[in-house]
């Protein structure tokens with residue numbers, strides 16, 4: 001009886017811990033940071049929180065009744081990949097590819113922090129090389145094509161094309177309207193060179209008291225989607241997990257409510273409104 005009680009207690013405790021891990025990201029991040037030790041590599045902080053608040057004071061504080069609360073610095077995980085790919089019929093490209101482990105998108109340029117849009121959906125749908133044949137064809141033609149144009153562009157037999165299209169529709173990657181197919185995502189941006197314009201240095205930071213955010217995607221998922229998207233000639237030679245410093249800046253409103261915005265500490269720019277820390 002005592003053994004059964006202990007077993008039941010262990011199961012309930014494990015279940016409770018798992019529920020807390022899933023539903024309370026603050027607790028999850030605290031545990032992760034407690035067990036992480038040593039140093040980690042991050043892009044360098046170029047803008048302080050004070051500079052960002054001062055430079056954007058008119059936008060953030062509507063009047064004197066609004067005020068800043070204490071900002072916080074977070075570190076978002078990214079996968080840095082050394083890659084090579086087929087640049088042209090007689091030239092191989094080699095470079096660095098930076099990909100977010102939080103939002104699932106590739107960084108095109110670290111100076112502007114321009115990113116792709118659409119890879120997150122592809123990861124969620126477990127898109128494979130066949131799916132990307134259709135996705136890349138549509139992306140190369142403004143996001144939409146009719147069936148005849150797709151057939152000519154991909155140069156495949158009708159039964160194979162139908163198989164690919166049906167698979168993409170089941171995964172909600174494309175939608176069909178009459179004889180036309182389009183990407184099922186708003187303003188897709190996936191037709192890019194598989195290389196990030198990296199203009200900043202990496203620095204080392206002590207892990208103690210540094211709030212590193214949990215990953216939403218595994219490194220293997222990012223590698224897999226990149227290989228599927230960029231074709232057989234794309235190769236990942238080496239990978240490393242690095243971080244991006246991000247400030248959360250909180251404004252206290254007169255009615256007692258608060259508004260939080262997130263800012264890239266590398267270039268001092270606000271992250272998209274849809275961005276949030278989980």
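Observations on the structure shown:
- Filter result for the condition that a residue is surrounded by fewer than 19 Cβ atoms within 10 Å (Cβ to Cβ), assigned to a strand (DSSP E or B), more than 15 Å from the chain's Cα centre (by Cα) and not assigned by TED's automatic domain parsing to the domain that holds residue 227, over 156, 175: 175
- Here residue 88 does not fit the description of being in the same structural domain as residue 224 (by TED's automatic domain parsing) and in contact (Cβ under 8 Å) with a residue 60 or more places away in the chain.
- Inspection of segment 125-145 identifies at least one residue that is assigned to a strand (DSSP E or B), over 22 Å from the mean Cα position of the chain (by Cα) and outside the structural domain of residue 223 (by TED's automatic domain parsing).
- Hits in segment 241-261 - residues which are surrounded by 12 or more Cβ atoms within 10 Å (Cβ to Cβ) and outside any strand (DSSP E or B): 253
- For the residues 136, 109, 179, 155, the requirement of being more than 21 Å from residue 221 (Cα to Cα) and in contact (Cβ under 8 Å) with a residue 60 or more places away in the chain singles out 109.
- Scan of segment 224-261 for residues that are farther than 22 Å from residue 124 by Cα and free of Cβ contacts under 8 Å to residues at least 40 places away in the same chain, ordered by number: 255, 256, 257, 259, 260
- The number of residues in segment 19-43 being under 20 Å from the mean Cα position of the chain (by Cα) and either part of a helix (DSSP H, G or I) or modelled with pLDDT under 90 (or both) comes to 7.
- Boolean, residue 215 is assigned by TED's automatic domain parsing to the domain that holds residue 101 and either within 28 Å of residue 50 (Cβ to Cβ) or in contact with a helix residue (DSSP H, G or I) (Cβ under 7 Å, 6 or more places away or on another chain) (or both): no
- Residues satisfying the stated conditions in segment 178-193, i.e. over 18 Å from residue 231 (Cα atoms) and in a loop (DSSP other than H, G, I, E, B): 178, 179, 184, 185, 186, 187, 188
- Within segment 208-240, the residues that satisfy the criterion of being closer than 16 Å to residue 40 by Cα and exposed (fewer than 15 other Cβ atoms within 10 Å of the Cβ) are 208, 209, 240.
- Qualifying residue in segment 76-97 (condition: assigned to a loop (DSSP other than H, G, I, E, B), at pLDDT 90 or above and touching a strand residue (DSSP E or B) at 6+ places or on another chain (Cβ under 9 Å)): no
- Taken together, the residues in segment 43-62 that are over 25 Å from residue 78 (Cα atoms) and touching a strand residue (DSSP E or B) at 6+ places or on another chain (Cβ under 8 Å) amount to 4.
- Any hit, segment 194-207, residues being in contact (Cβ under 8 Å) with a residue 24 or more places away in the chain, farther than 28 Å from residue 242 by Cβ and part of a loop (DSSP other than H, G, I, E, B): no
The values are calculated or read from the model by the stated rules, or taken from the named source; none is laboratory data. The model shown is predicted, which means the values in this text are computed figures rather than measured ones. Backbone-built Cβ (ideal geometry, glycine too); neighbour counts: all protein chains shown.
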